[in-house]
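Only one structure is covered here, and it is reproduced in the block below.
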Amino acid sequence: MKVNMASQTTVGLNLLSEDQIEEIHSATLQVLQTVGVDVYEEEALVLLKGSGADVEGNRVRIPVWMVQEALASAPKSVTLYNRQGEAACVLEKGRIYYGSGSDTPYTIDLETGKRRLATNEDVGNAAKLADALEHINFIMSLGLASDTPKESSDVYQYLAMVTNTTKPIVFTAHDKQGLLDIHEISALVAGGERELRRKPFLALYAEPSSPLMHSKEAVEKLLACAEKEIPVIYVPATMRGATGPVTPAGSLVVANAEQLSGLVVHQLKRRGAPFIYGGGTPPMDLRTFICSYGSPERDLGCTALVKIGQHYNLPTFTTAGCSDAHVFDQQAGMEAGFNLLIAGLAGGNLIHDAGYIGIGLISSMEMLVLCDETVNNVKYYLNGIEVNTETLAVDVIKAVGPGGNFIGEEHTLKHFRQNRINTHVLNRENLDNWELGGARTFGELANERAKELLAEHEVPSLPAEVLDRIEEIVRRKRGLEE
Amino acid sequence: MDFKGMNEHVLKGNVEEVTRGTQEMLESGAEPLRIISEGLIPGMNVVGGLFKKGEMFVPEVMRSAKAMSAGIALVRPLIADSDIPTRGTVLMGTVRGDLHDIGKNLVSMMLESQGFTVIDLGVNITPEQFVAAAEKHRPQIIGMSALLTTTMLAMRETIKALQEVNLTDGIKVMIGGAPVTAAFAKEIGADGYAPDAGSAVELCEQFVA
């Protein structure tokens, strides 16, 4: 045997050297210790002060050892389960999972092709479509439910998701109350709070406020998640040139300081509670003021944060499958193709925002279908090339010889399925057969596939008694609203 | 083994089982022609359907064809040549100046798997060689292949040579290969063109219908 030779090497990305990451880390510690962050939540301030941070009003300066302790106690691996209690996303170094994007005011109507305000039915349909798509592994709310009460739309959106998918759900909550309502619903689905704690099928997405601030609402949610051991994604979108320095490295320092200080608070509340690192440093376009979702500037920041998270041995949450195009067009496809591959190469664990167009303001089911198809390609490529005696096939080459062919060989039969990629929408027909088939474009086929899957796919429904008890919670909320 | 079992083994491309089954049937006195028409061909028809639907792939079709051929090889000596069921004879070759044969071989194999008799002349076949072979074998169809834009012009000469001795009256000519188009086929007087091996089988089915 050959020693020290991997039989298979997968493909990856070398974006930052270990030395560069160390420099970013040192600069971050310096910022946390000397500049500090503003924290607008009382319990967190008490925790921080009591544990050795320098607290002056809302300003908190955090010593290096506190950051190191938080990094040491945070779990290296977090598992998200599906609704049936099976491990679905194991968030460890190198394992990638793609998911849909979140909370878009608009959607592109599948029937009319026109942009309109998103409804709760859209949220449910998007969850159902994502549930049907093989390469979408977790679900976020692809729409803001404009037809539900604003104060509790988070809970309604969560209900639309949990009844239309069995895959893990990454959700947002307006505030601590919304989070607790969603937690209560989830415990019913999981069969009890203890079951949910042991096998969480959900994670909260919350954000610090760049630069270097933690709002009351965000920290309340962060603390509640720590207490209940709900995995929490606490990641910033530090805008380069606006809420962070315009240089990629500088914005990474700000983004890193924000989430590491969040991690300190979180681990002070409950050591070992599941925390997910990541986020992005998207550029604010200094001509149009938009916060870009499709640009390589964003991709650079997202993948750098993944690399830093991997350095810390923390699970990561990152962004891909999104575009600045306002319609599902060539730009949407090009940007999603680029960022889905880059994110896969970087190896971030939860890669969200599939189906996002319009600078994060519009959802598109065709885009979701495109992302699924692209991820299929990405995963094929990332698998790399298996090199061993069997795959080198010298015996077969000998047997076939010059001028022969390999089509009918046993070796071909044995290996062709794992070496070819199946496509659903991408054209692989020759010109004549494509024309015979109606000369249909990718957009037309993606639209058709989305409609077909929505019509055919069935999601197992929740038990009647669980639905009844969820209904009670909804009634209670309605009562409060009135 | 019964016919249905044979069909299954052809579908799975199990050469050993098809060989064993054919021997068993012959020993127990089954009629040789029925072994072909009921034991082997129906299995291959299923394969053709699954290939069209994208559920089976070329290497699997070939494995099934191999299994069917193994059965036919055992039965063949017991049947008069004229009684062997065939959907038609196809003369195949890559035209003069061109040594590429993967496309032609694929078409040949797909045609054989669907019950056609294929006489494969090989590569670099001159118009004269096509004419001589056509006179000798009297096929229903002649298939010509070329990969190069420079050699596809030899197709025109070959058709001309066939026309000069009136062979195109009773024989359909089809052409194929990466640079070939339907318009080119029409221009040089070919009866048909197929963009891929699967379509070539359908074209031949139309020719002999």
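The values are calculated or read from the model by the stated rules, or taken from the named source; none is laboratory data. Keep in mind that what you see is a predicted model, and the values were worked out from it rather than measured. Don't worry about glycine lacking a Cβ; one is built from the backbone with ideal geometry, like all the others, and counts go over all protein chains shown. We work out accessible area using only protein heavy atoms, side chains counted, and drop any ligands, DNA or RNA first. Shrake-Rupley method; radii C 1.70, N 1.55, O 1.52, S 1.80 Å.
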Carbon/sulfur accessible area of segment B:89-208, % of total, 1.4 Å probe, equals 52
SASA check, residue A:79, accessible area w/ 1.4 Å probe, all protein chains in place, rounded to nearest 10 Å², comes out at 30
Partner lysines whose C-alpha sits under 21 Å from that of residue A:307, ignoring same-chain residues fewer than 8 away, are A:76, A:93, A:379
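Defining a contact as two alpha carbons under 8 Å apart and six or more residues distant in sequence, what relative contact order in percent does segment A:258-323 show? Walk me through the numbers on the way to the answer.
On the way: 74 pairs, mean separation 22.4, N = 66.
Computed value for segment A:258-323: 34 percent relative contact order.
Could you tell me how many cubic angstrom of Cα convex hull volume chain B has per residue? Walk me through the numbers on the way to the answer.
Details: hull volume 23.7 nm³, N = 209.
In chain B, the Cα hull volume divided by residue count equals 113 Å³.
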Those residues in segment B:72-118 that give up at least 30 Å² of accessible surface, probe 1.4 Å, once the partner protein chains are present instead of the chain by itself are B:102
Check: C-alpha center segment B:48-62 vs C-alpha center segment B:159-199, spacing in Å is 26
Descending accessible area (1.4 Å probe), largest on the left, turns A:324, A:329 into A:329, A:324
Contact-by-burial set, segment A:407-424, min loss 50 Å², accessible area of protein heavy atoms with 1.4 Å probe, reference chain alone, gives A:407, A:408, A:413, A:416, A:417
Between the alpha carbon centres of segment A:45-93 and segment A:13-27 the gap in Å comes to 21
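Kindly report the accessible area of segment B:89-208 per residue (heavy atoms of protein chains, probe 1.4 Å, no ligands, DNA or RNA), in Å². Please report the intermediate quantities before stating the final value.
Values: 5120 Å² over 120 residues.
Solvent-accessible surface per residue comes out at 43 Å².
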Helix A:365-382 sits off the longest principal axis of the Cα atoms of chain A, rounded to the nearest 10 on a 0 to 90 degree scale, by 70
Using the Kirkwood radius over Cα pairs of the protein assembly as shown, the Stokes-Einstein translational diffusion coefficient at 4 °C and 1.567 mPa s, in µm²/s and rounded to a whole number, is 44
Short to long, in 10 Å steps from zero, the percent of alpha-carbon pairs of segment A:1-120 per bin is 9, 19, 22, 28, 16, 5, 0
For the pair A and B, the solvent-accessible area buried on both sides (1.4 Å probe; DNA, RNA and ligands excluded), in Å² to the nearest hundred, is 1200
For segment A:72-382, using Cα atoms only, the Rg and Dmax in Å read 17.6, 52
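Ignoring ligands, DNA and RNA, what accessible area per residue does segment B:3-83 give at 1.4 Å, in Å²? Walk me through the numbers before you get to the answer.
Numbers: 4150 Å² over 81 residues.
Spelled out: the 1.4 Å probe surface of segment B:3-83, per residue, equals 51 Å².
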Between the residues B:32, A:421, A:48, the Cα farthest towards the positive end of the dipole of the protein assembly as shown, that dipole coming from +1 and -1 charges on the beta-carbon of Lys, Arg, Asp and Glu, is from A:48
Whole-Hz Karplus couplings 3J(HN,Hα) for segment A:68-73, θ = phi - 60° and coefficients 6.51, -1.76, 1.60, Gly and Pro as x, run 4, 5, 5, 5, 6, 8
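What do you reckon, how do A:81, A:381, A:98 stack up by accessible area (1.4 Å probe), largest on top?
On the way: A:81 45, A:381 140, A:98 0 Å².
Heavy-atom accessible area, descending, gives A:381, A:81, A:98.
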Once all protein chains are kept in place, residue A:475 shows an accessible area at probe 1.4 Å, nearest 10 Å², of 140
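What does the charge dipole of the protein assembly as shown about its Cα centre add up to, to the nearest 20 debye, if the Cβ of each Lys and Arg holds +1 and the Cβ of each Asp and Glu holds -1? Before the final figure, lay out each step's value.
Details: 61 positive and 89 negative charges, 184 e Å.
Rounded to the nearest 20 debye, it is 880 debye.
I'd like to check one number: the per residue accessible area of chain A, probe 1.4 Å, reported in Å² as a whole number.
Numbers: 21370 Å² over 482 residues.
On a per-residue basis, chain A sits at 44 Å².
Carbon and sulfur atoms: what percent of the 1.4 Å accessible area of chain A do they account for? Present the calculation step by step, with values, prior to reporting the outcome.
Numbers: 11050 of 21370 Å².
Using a 1.4 Å probe with all protein chains present, chain A comes out at 52 percent carbon and sulfur.
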Probe 1.4 Å, all chains present, heavy atoms only: residue B:101 accessible area in Å², nearest 10, is 40
Carbon/sulfur accessible area of segment B:3-83, % of total, 1.4 Å probe, equals 55
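Per the helix-only calculation at 222 nm, which mean residue ellipticity applies to chain B, given -39500 (n - 2.57) for every DSSP H run of n ≥ 4 and division by its residues, nearest 500 deg cm²/dmol? Could the numbers behind the result be given before it?
On the way: 9 runs with 106 residues, N = 209.
Taking each H run of at least 4 residues, the total per residue is -15500 deg cm²/dmol.
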Those residues in segment B:191-208 that give up at least 40 Å² of accessible surface, probe 1.4 Å, once the partner protein chains are present instead of the chain by itself are B:195
Expressed as a whole-number percentage, the relative contact order of segment B:3-83 with C-alpha contacts under 8 angstrom and at least six residues apart is 45
